[in-house]
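This report refers to the structure that appears directly beneath it.
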Amino acid sequence: MIYKSQKPTQIKTKAPIVEALKTSVENPTYQFHIPGHTKGQGAYPEFRKLVGKKALLIDTTDEFDNLGTLNPATGPIQEAEKLAAKAFGAKKTFFLLNGSTVGNLAIAMGLTRKGQKIITNRNCHRSVITGMIISGADPLWLVPNRLDEWGIWGSVIPEDVEELLKTHEDVAMVWITNPTYEGVVSDVKSISVICKKYNVPLIVDEAHGCLWNFNKHLPTSSLELGADVIVHSLHKTGGSMSQSSMLHISENSLLDAEKIEKALKLLHTTSPSLMLLASLDAARANLESQKGKEQIEKAVQNAKYLRKRIDDIPSMHQLKPDFGYQTDVMKVFVKADGLSGKRLESILEIDFKIEVESASDVGLLILSNIGNKRSDFEYLADCLEKISKKEYSDICYLENKKHMPMLTPNIKMNLQEAFYADKETVLKENAIGRISGEIIAECPPGIAILVPGELITEEHKSYLEDYEYIDVLMGK
Ligand SMILES: Cc1ncc(COP(=O)(O)O)c(C=O)c1O
């Protein structure tokens, strides 16, 4: 394998937040400030045992010990953001707590206002919708290709972007998701050319693509293809801790980064966790180190291995790039003849102790991660083979509903107005024909089934099996 033959060069990568935290642990002080567990002494003993003393020792916020501040970024945090910008090819990077969600909220809040339009794909993450509720902007929906046999949305069609730009005024931005949760990649280059032609910024929710800048077998990052702003959930695939993400502004963007920074300041916690920030700093240092690059290459090769093994199982199928669109090789979407995705997921979990990323009626999503070993994939592939040879019945006893909303919202009212309007809670059956007062979105993948201001129709019912009641607008 390529990664084994490469000779590691010992370039020492810097991780300023990690180093600052280390220094603070090595130089203890008498502490009379938050967090009140005071280096773990006041924590529940079982919890301390579970997470380890060290974890609580470094659980501090940005007011103390020369650790810098997050909003605005100063000291080691500022230094770490600069290093991240360089690593990801950005002009400026902001570290995010509360995930890419807070990045998306800040994009909408900072860059759009009431009455403006945002061109966005139907399968955007619910945080994009929440952003519109905050700012008051209205969506203009892009309906991507539908991959019906896989039960998922595909790529955004560049011509559709142009058509909407041609026919609408006061468009604040084009905001697309790339890749999709299942790894389908859009033609961001063409979309960015169109956006530039109409002088409209392009925002890309690249939450699931943070490794792309570090491996040539992976798609090209949207920053390189002309996007103005992107978000990356480093915690999803980049190796940082849960909730930690980044927002990058591209080198050539004319957007006012300060507007995003101001929104972030209002949206972020005033007690940022240094542990999470350090984990972002560490993840960036790791990804650009020789070892990190080898880990990514290994994950790519592991994904290829798994894909080859799945190809050898006649009753199993996988989403592939040669179906007419590009995909991220590390996200393997699998379906099995005669078994729903949910059923396959439950067999893997109950009979083989395997947990996958997610499952739907149709298939399931397996991620090849930088932390996985080849033997993990050998075991998984062996199990899939065993399942294919055994007569499993397709009793979907876990759930029986549609997961991925494949409907285009029929918006009857501005999202913000609908969210704040007087509402009543009605039985789902009585909600048909009414206007939704809430976002309903199952996570993962967090794609909205209903958004505030949307007309609820019969077609929604099969996506709402888990809901008995829905909030609808009073008298509407
Ligand atoms: C496309 C997309 N964007 C944004 C988010 C939000 O990311 P986070 O969980 O980091 O807040 C998600 C989460 O699943 C997502 O799938």
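Laboratory data are not the source of any read-out in this text; all were calculated from the coordinates shown. Owing to the predicted nature of the structure, the values given are computational and were not obtained by experimental measurement. A quick note on method: Cβ atoms are made from the backbone with ideal geometry, for glycine too, and the neighbour counts reach across all protein chains shown.
Within segment 329-397, the trypsin sites (Lys or Arg not before Pro) that combine a DSSP coil assignment with at most 11 other C-beta atoms in a 10 angstrom radius are Lys353, Lys373, Lys390. If the segment from Glu19 to Lys196 were pulled out straight at 0.36 nm per residue, it would be longer than the present Cα-Cα gap by 59.6 nm. Where both bridge residues fall in the chain, DSSP classifies roughly 70% of the beta bridges as antiparallel.
Couplings 3J(HN,Hα) for segment 265-281, derived from phi with the Karplus relation 6.51 cos²θ - 1.76 cosθ + 1.60 (θ = phi - 60°), are 4, 6, 8, 6, 4, 8, 10, x, 7, 5, 5, 5, 5, 5, 5, 5, 4 Hz, where x marks Gly and Pro.
If a spin label sat at a point 7 angstrom from the Cα of Lys401 along the line to its beta carbon, the backbone N atoms of segment 453-476 nearer than 11 Å would be those of 461-470. Label separation (Lys389 vs Lys114): 6.6 nm, computed from points 7 Å beyond Cα along the C-beta direction. Taking a ≥ b ≥ c as the square roots of the eigenvalues of the Cα gyration tensor of the chain, is the shape rounded (a/c under 1.5), prolate (a/b larger than b/c) or oblate? Rounded, since a/c falls under 1.5.
In the chain, the DSSP-assigned H stretches of four residues or longer account for a calculated mean residue ellipticity at 222 nm of -10500 deg cm²/dmol, using -39500 (n - 2.57) per stretch and the full residue count as denominator.
Arranged from fewest to most other beta-carbon atoms within 10 Å of their beta carbon, His37, His235 become His37, His235. Neighbours of Leu407, meaning other residues whose beta-carbon lies under 12 angstrom from its beta-carbon, give a summed charge of +1 when Lys and Arg score +1 and Asp and Glu score -1.
Descending by average beta-carbon neighbour count within 10 Å, the peptides 409-417, 41-49 line up as 409-417, 41-49, the highest first. Give, as ranges by residue number, the residues of segment 265-292 whose backbone N falls under 19 Å from the point 7 Å along Cα→Cβ of Glu224. 284-292, by backbone N distance to the label point.
Taking a sphere under 15 Å around the Cβ of His37 and counting the other residues whose Cβ falls inside, with K and R at +1 and D and E at -1, yields a net charge of +3.
In this structure, Arg48 and Lys353 have a Cβ-Cβ separation that, at R0 = 22 Å, corresponds to a calculated FRET efficiency of about 0.20. For the residue pairs Lys92/Lys331; Lys82/Lys304; Lys92/Lys216, alpha carbon separations beyond 30 Å are given by Lys82/Lys304. As a length-normalised measure over Cα pairs under 8 Å and 6 or more apart, the relative contact order of the chain settles at 15 percent.
For Arg146 and Thr74, the difference between the fully extended length at 0.36 nm per residue and the C-alpha to C-alpha distance is 21.4 nm. The mean sequence separation of alpha-carbon pairs under 8 Å and at least six residues apart, normalised by the residue count of segment 296-389, gives a relative contact order of 32 percent. Counted by neighbouring Cβ atoms within 10 Å, the residues Phe333, Phe64 run from fewest to most as Phe64, Phe333. Fully extending the segment from Thr269 to Glu429, taken as 0.36 nm per residue of separation minus the present Cα-Cα distance, adds 53.7 nm. When Thr38, Thr270 are arranged by Cβ crowding within 10 Å, least crowded first, meaning fewest neighbours, the order is Thr270, Thr38.
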